[in-house]
1. Near residue 106, which aspartates and glutamates are there with a Cα under 13 Å away, not counting those fewer than 8 places off in the same chain?
2. Do any GluC sites (Glu not before Pro) in the stretch 456-515 lie in a DSSP loop with no more than 12 other beta carbon atoms within 10 Å, and if so, which?
3. I'd like the Karplus ³J(HN,Hα) series for the stretch 87-92: coefficients 6.51, -1.76, 1.60, θ = phi - 60°, whole numbers in Hz, and an x wherever there's a Gly or Pro.
4. Provide the FRET efficiency to the nearest 0.05 for the residue 16-residue 78 pair, computing r from the beta carbons and using R0 = 22 Å.
5. Give the value in nm², to one decimal: projected area of the alpha carbon convex hull of the stretch 86-132, averaged over all directions.
6. The stretch 41-72: which trypsin sites (Lys or Arg not before Pro) are DSSP loop and have at most 12 other beta-carbon atoms within 10 angstrom?
7. To the nearest µm²/s, what D does Stokes-Einstein give for the stretch 431-515 at 37 °C and 0.692 mPa s, using the Kirkwood radius over alpha carbon pairs as Rh?
8. Can you put 314, 475, 280 in order of accessible area, largest first, using a 1.4 Å probe?
Amino acid sequence: MNQPKTVRTRFAPSPSGFLHVGGARTALFNYLYAKAKKGKFILRVEDTDQERSSPESEKIILESLKWLGIHADEGPDEGGDFAPYRQSERLGRYKKYTETLLSENKAYPCFCSSEDLEASQEKSKKLGLPHIYDGRCRGLSKEEVEKRIAAGEKYAVRFRAESREIVVNDHVQGRVKFDSRLIGDFIIVKSDGFPSYNYAVVIDDHEMQISHVIRGVGHLSNTPRQILIHEALDFPLPEYAHISEIVGTDKKKLSKRKGATSILFFRDVGYMRDSFVNYMALLGWYPEDGVEYMPNRRLEEKFDIDRCSKSPAMFDFFLTDKGGGEDASIAELSYEELVKMVNHKTKLNWLNNKYIREMPLDDVWNEVRPFLEKDESLSGLVKKDPDKMKSTFDTLRIYLNTLSEAAPFIREILREDVDLDAAAKSQFDDPLAVSVIETFLELAENAKPADPENFTAVIKETGAKTGAKGKSLFMTIRVASTGTNQGLEIPILFAILGYEKVLNRIQSIRKKAGI
Ligand code: GLU
């Protein structure tokens with residue numbers, strides 16, 4: 001294989017929506033591979049589908065990449081030797097190659113109307129066969145072609161796919177063979193003069209000297225068409241790596257509704273950039289040394305496309321339907337819904353917690369600060385005494401799955417006194433309430449619990465001693481200590497407050513409730 005010396009990878013998004021997990025992982029693998037090989041990472045915007053592309057989508061994609069720290073060496077904003085990096089600005093470049101292919105009879109004008117094609121497509125569908133162009137315009141004489149063009153008939157340009165075997169030697173999928181007879185002659189330039197995806201991609205990859213094409217396995221079936229074009233134009237082939245599909249916990253492909261949500265969503269719910277990137281890198285790749293926690297650019301040293309797995313990678317983040325919707329904004333989710341999502345014991349949460357607790361405080365503080373500034377009751381304090389806020393955050397960060405959990409915990413810590421919610425008060429009508437509270441106080445006095453596990457043990461023992469279960473046990477303790485019937489995870493909150501503060505709070509609420 002004719003391999004250029006420098007590794008040059010590219011991410012080539014079509015700006016027709018937001019950047020979702022699959023796209024972001026493709027961008028990341030290209031970026032990491034280029035970094036690992038001291039090469040260059042190129043960003044190319046594939047906006048030739050005029051109807052579906054939009055500048056807003058391009059903006060969101062660029063913002064998402066920026067958040068992820070995936071910086072392009074060359075791209076629409078960065079410029080570079082092979083500019084422009086937006087396909088709609090490169091239209092003139094495709095023409096000369098089309099002329100070559102037409103003059104060498106490797107492609108031909110096709111006058112079939114979309115109605116003709118749809119009818120033939122329908123026919124194949126009915127027979128349960130893949131749609132293959134029937135070659136109607138393949139044998140038109142030169143004279144006829146010229147006559148029809150002169151008469152102003154619209155035409156597309158079709159690639160002549162001679163029958164042969166095409167082999168894709170893929171870094172991830174291995175050797176995959178295709179039969180060109182099952183592909184048929186395919187369109188490279190549409191009747192509106194725009195290049196097809198398969199055509200533009202080949203010319204741009206060649207002109208931009210891309211050495212490695214790393215993309216989702218969904219594109220594997222496009223690769224034989226692209227190889228045919230490369231060869232017809234005498235372009236050396238790039239290396240290919242088609243990375244595995246990403247599935248949800250239900251083992252089904254991530255759909256838009258179930259987790260293929262915008263990358264910015266993960267920023268907004270409080271995942272740290274580095275942990276999210278670390279997590280995404282593990283979707284289909286596994287480091288040789290088995291060490292999954294890779295802060296401080298260690299990923300960039302270790303990543304290798306040859307250690308990627310063919311089997312689907314599982315993205316085990318839990319999303320409610322509401323959270324996964326295309327337009328879902330984090331602002332629409334209630335606190336409980338948010339907690340439900342981020343409190344799941346997922347690998348992403350495990351990793352995020354590890355980053356929050358182990359990264360230098362200043363780095364984590366920079367990322368958590370906007371979450372505290374957004375909080376009405378904390379924003380003033382953050383401005384007035386950032387150091388105090390920072391050290392308060394430092395005491396509780398070990399417990400956090402996400403940065404968005406910091407604000408409610410800090411609010412609790414800073415509360416001087418606790419009010420008793422009218423709605424929550426009725427919990428004390430439970431016949432076991434008083435005995436639960438007294439037993440808990442007594443056991444906590446003796447055990448002096450300090451961490452969430454100790455507190456959980458004391459709560460369990462309270463249940464065993466009093467016979468209280470479920471709501472009778474847990475809700476009573478929650479209301480007795482916080483004055484409300486909803487909110488944070490109690491054992492974590494107790495560990496953060498410290499048992500003395502918890503006991504004082506309980507005494508104060510008992511007084512207010514008159515029990
Ligand atoms: N523009 C294509 C897409 O967004 C990617 C093309 C490629 O990587 O070859 O799916």
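The values are calculated or read from the model by the stated rules, or taken from the named source; none is laboratory data. Note that the structure is a prediction, hence the values are computed from the model and not measured. Virtual Cβ from ideal backbone geometry, glycine too; neighbours counted across all protein chains shown. We work out accessible area using only protein heavy atoms, side chains counted, and drop any ligands, DNA or RNA first. Shrake-Rupley method; radii C 1.70, N 1.55, O 1.52, S 1.80 Å.
1. Those aspartates and glutamates meeting the cut-off are 162, 185, 231, 234.
2. On the way: sites: 461, 489, 500; in loops: 489.
Here no GluC sites (Glu not before Pro) fit, given the DSSP loop and packing criteria.
3. Once rounded to whole Hz, the list reads 4, 5, 9, 10, 3, x.
4. Numbers: r = 22 Å, r/R0 = 1.00.
The value I calculate is 0.50.
5. If I average the Cα hull's projected area over directions, I get 5.0 nm².
6. Values: sites: 44, 52, 59, 66; in loops: 44, 52.
Here the sparse-neighbourhood loop sites are 52.
7. Working: Rh = 12.4 Å.
D = 264 µm²/s.
8. Working: 314 80, 475 45, 280 0 Å².
If we order 314, 475, 280 from most to least accessible, we get 314, 475, 280.
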